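The structure under discussion appears below in the form of structure tokens.
The values are calculated or read from the model by the stated rules, or taken from the named source; none is laboratory data. If you're wondering where the values come from, they're calculated on a predicted model, not measured in any experiment. Note that we place each Cβ from the backbone using ideal geometry, even for glycine, and neighbour counts take in every protein chain shown.
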Amino acid sequence: MSTFAAVMTGQGTGAISTIQVFGDKSEVIIKEIFKPTGTKSVFKDGEILVGSINDGTETIDQVTIGCEGTKNYTINCHGNPLIVEMIMRLLGQHGVEPVTAEQLLIKILSMEESINTIAIEAKLAQTKTKTAEGAKIIANQIEGGLHKKATQWLSNINTLSLEEIAIEAEQILDRSQTAKLIMYGCTAVITGPPNSGKSTLLNQLAGKQKAIVTDIEGTTRDWVSSTCRMGSLCVELIDTAGLDEKPAVTTEDIEKDAQKRTVAILEKADLVLLVLDISGTTEQLNKGLVTKTAGKKVITILNKSDLPAKLDAGELPGEKVQLSAKTGDGVENLIKQIQQFHGADDSDLEQAVCFTSRQKQLLGKVKEAKSKEETTSAITELLNGQLSV
Ligand SMILES: Nc1nc2c(ncn2[C@@H]2O[C@H](COP(=O)(O)OP(=O)(O)OP(=O)(O)O)[C@@H](O)[C@H]2O)c(=O)[nH]1
Ligand SMILES: [Mg+2]
């Protein structure tokens, strides 16, 4: 192994940036470029030294360096990207290979004895989860969950039928779709004809005034988003410009652009909340609305339930929820429906799920395998395969 360094903090200017240096020569290299200026001058495991980084002629920055073992050092420098670049260049001149934060974490984790690939992936995925429930799901895959299931398959490979294993692999893949939404969050796009109450609904769900509400059609031009918790789900709600068949003539270009964006956002949504005005006529269900939401997962919201109903909702397909975005009546029911829709209302956080594309691909192989050798090879790879980032 040689020595590697990665910028562990996000790109751009921040108050502090962190560069981690890991590998055989890290101690020697750190000693070459760093001069301690504080009361302590010798690195000890778990301790931090204050000092400066010098390129041999001048000081680059005042830093603190934490020692996490003889092979692992963390440089905390000022957040200016230029300083970060200069330190990385200096490390490069001393033979350090630059890698991404993820690649470095994999190298560090792989050094731990008896750690398996699923556990490394779990540690990497932990940093990206959006909810505590998501973090629990991933933590449960290290000893139990996916790791336990794959280990059981391998130890019982001579007694289990290939079909039994394939069925279980398929169940894991199915369950993982809900788990993914709990772990990494999901998007729900609020769409519908102009003036149906989309922005009022966003404000009601977000619990604050995020979007402007007026009785003028076409109020929302650009999209507005807000993230809110619905049980174990972290949902990014996106309020869009109303999908009108004929945009207002005077502002045609802006309007068309707004509607194009709405369509683009709709394409990526995990769920569409189609808001209709129950006090309006069926004319609001224009053709554009029907085609643009076709093939998507849709919950139809019959809004303005506080007003006398005119719309005949019997004909509308899919899930329907009647509510008043203005008074809040029925909104709790919508939240329950969204959770149920994603299967997140009663999900068992301890069950086996997959949470990386590598795992997904290998479970697909386990499912499709035609021989014991193929199954064994895919399961072994799942447990101990190489990570590629
Ligand atoms: N009575 C009643 N009025 C509502 C309700 N929801 C919204 N409204 C009213 O309907 C009008 C339009 O509401 P918005 O939330 O701006 O509608 P929108 O769908 O975002 O409109 P655009 O952005 O123009 O497409 C406002 O006057 C709201 O107060 C409701 O549940 N009941
Ligand atoms: Mg609006």
Item checked: Extreme residue, nearest to residue 65 (Cα to Cα), among residues of segment 10-51 that are of a type in the set (Ser, Thr, Tyr), within 37 Å of the chain's Cα centre (by Cα) and not in a helix (DSSP H, G or I) -> 18
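Residues checked against (1) among the β-branched types (Val, Ile, Thr); (2) free of Cβ contacts under 8 Å to residues at least 40 places away in the same chain; (3) in the same structural domain as residue 174 (by TED's automatic domain parsing); (4) not in a helix (DSSP H, G or I):
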| site | (1), (2), (3), (4) |
| --- | --- |
| 305 | no, yes, no, yes |
| 311 | no, yes, no, yes |
| 314 | no, yes, no, no |
| 321 | yes, yes, no, yes |
| 358 | no, no, yes, no |
Notebook entry, point to check: When you go through 186, 228 one by one, which is the residue that is away from ligand 1 (no atom under 16 Å from the Cβ), at pLDDT below 90 and either within 25 Å of the chain's Cα centre (by Cα) or of a type in the set (Gly, Ala, Ser) (or both)?
Noted result: 228
Note to self: Residue under question is residue 64, and the condition is that it be exposed (fewer than 14 other Cβ atoms within 10 Å of the Cβ), of a type in the set (S, T, N, Q) and over 20 Å from residue 111 (Cα atoms); does it hold?
What the structure shows: no
Next item on the list: Would you kindly identify the helices (runs of 4 or more DSSP H) lying entirely within segment 108-198 that contain at least 2 residues that are within 19 Å of residue 341 (Cα to Cα)?
Entry: 132-143, 162-184
Checklist line | All positions within segment 56-78 that are part of a strand (DSSP E or B) and small (Gly, Ala, Ser) | finding: 66
Note to self: Considering only residues that are polar (S, T, N, Q) and within 25 Å of residue 213 (Cα to Cα), which ones fall in segment 283-336?
What the structure shows: 284, 286, 293, 300, 303, 305, 322, 324, 327, 333
Checklist line | Filter result for the condition that a residue is modelled with pLDDT of 95 or more, touching a Gly at 6+ places or on another chain (Cβ under 8 Å) and either hydrophobic (A, V, I, L, M, F, W, C) or closer than 30 Å to residue 273 by Cα (or both), over 154, 160, 146, 173 | finding: 173
